[in-house]
Amino acid sequence: MEQFDKHDPHLADILRRATLEKNNQDKRLAAIFGSPKVPKVTEETLAIYLNYLKQHLVVPCQLTGIESLGCFAWEASYIFGRRRPKEYAQRKKQQPSYTDTYAFLSFEDAYDPYDGLAVKVKRVSDSKRFVLPLARLKATEKPSNNAQLLDDYAVWFVNAR
């Protein structure tokens, strides 16, 4: 396996910027909760985050999937395994795809520490409606305040459980 030169200025710069971004993200997250450290995901912290997002997410907002995991896991076998384009296209008409674009409609009021926050969305291509976990979605417009808000939420939800 190739070893990285810790004294390589390019690599050092990448690591420095990554550390700085992680620290800035931790500060943004801690500020949402009014605490010095980023708290764990609990029903109480999810309620605080939901209230924060309701106040700060700018609508209209278009979303898409982050990857073919979670609610989009049905696609993995078509992407990485059996390649049946017609069958995939048929299923994609009925189920949400991580490649689809969705219009944000509203937040679900119900949530739990395992699934996190959920949102009601409408697929742009056919107006079919779904309820999807917010941690599996990202804003299509980048850079934007919405992209930062949703990325921060996804990172917090995945890492603080």
Please enumerate the residues belonging to region 121-138 that are of a type in the set (D, E, K, R) and in contact with a strand residue (DSSP E or B) (Cβ under 9 Å, 6 or more places away or on another chain).
-> Lys122, Arg123, Lys128, Arg129, Arg136, Lys138
Residues of region 90-104 being under 16 Å from the mean Cα position of the chain (by Cα) and open to solvent by 30 Å² or more (accessible area, probe 1.4 Å), which ones?
-> Tyr98, Thr99, Thr101
From (1) open to solvent by 70 Å² or more (accessible area, probe 1.4 Å); (2) under 30 Å from Arg91 (Cα atoms), pick out the condition that doesn't hold for Cys61.
-> (1)
Hey, does region 33-49 have a residue that's surrounded by 11 or more Cβ atoms within 10 Å (Cβ to Cβ), closer than 23 Å to Lys122 by Cα and of a type outside the set (Val, Ile, Thr)?
-> yes
For Val131, the lone unmet condition from (1) closer than 17 Å to Ala47 by Cα; (2) without any contact (Cβ under 8 Å) to a residue 24 or more places away in the chain; (3) over 13 Å from the mean Cα position of the chain (by Cα); (4) open to solvent by 70 Å² or more (accessible area, probe 1.4 Å) is (1)
Working only within region 114-161, note down all residues that are within 19 Å of Ile48 (Cα to Cα), of a type in the set (Phe, Trp, Tyr) and not in a helix (DSSP H, G or I).
-> Tyr114
What number of residues within region 65-87 satisfy the criterion of being hydroxyl-bearing (Ser, Thr, Tyr) and surrounded by fewer than 17 Cβ atoms within 10 Å (Cβ to Cβ)?
-> 1
Collect the residues in region 3-35 that are over 26 Å from Trp156 (Cα atoms) and touching a helix residue (DSSP H, G or I) at 6+ places or on another chain (Cβ under 7 Å), keeping them in residue-number order.
-> Phe4, Asp5
Kindly establish whether Gln90 is free of Cβ contacts under 8 Å to residues at least 40 places away in the same chain, of a type in the set (S, T, N, Q) and more than 25 Å from Ile32 (Cβ to Cβ).
-> yes
Qualifying residue in region 108-117 (condition: modelled with pLDDT under 95 and among the hydrophobic types (A, V, I, L, M, F, W, C)) = yes
Can you spot a residue in region 110-122 that is charged (D, E, K, R) and either within 13 Å of the chain's Cα centre (by Cα) or open to solvent by less than 60 Å² (accessible area, probe 1.4 Å) (or both)?
-> yes
Does Ala103 qualify as being in contact with a strand residue (DSSP E or B) (Cβ under 8 Å, 6 or more places away or on another chain) and assigned to a strand (DSSP E or B)?
-> yes
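The values are calculated or read from the model by the stated rules, or taken from the named source; none is laboratory data. None of these values were measured; they are calculated from a predicted model. No Cβ is skipped: glycine too gets one built from the backbone with ideal geometry, and neighbour counts run over all protein chains shown. Each accessible area value is taken on the protein alone, full model and side chains, heavy atoms only, with ligands, DNA and RNA left out. Shrake-Rupley method; radii C 1.70, N 1.55, O 1.52, S 1.80 Å.
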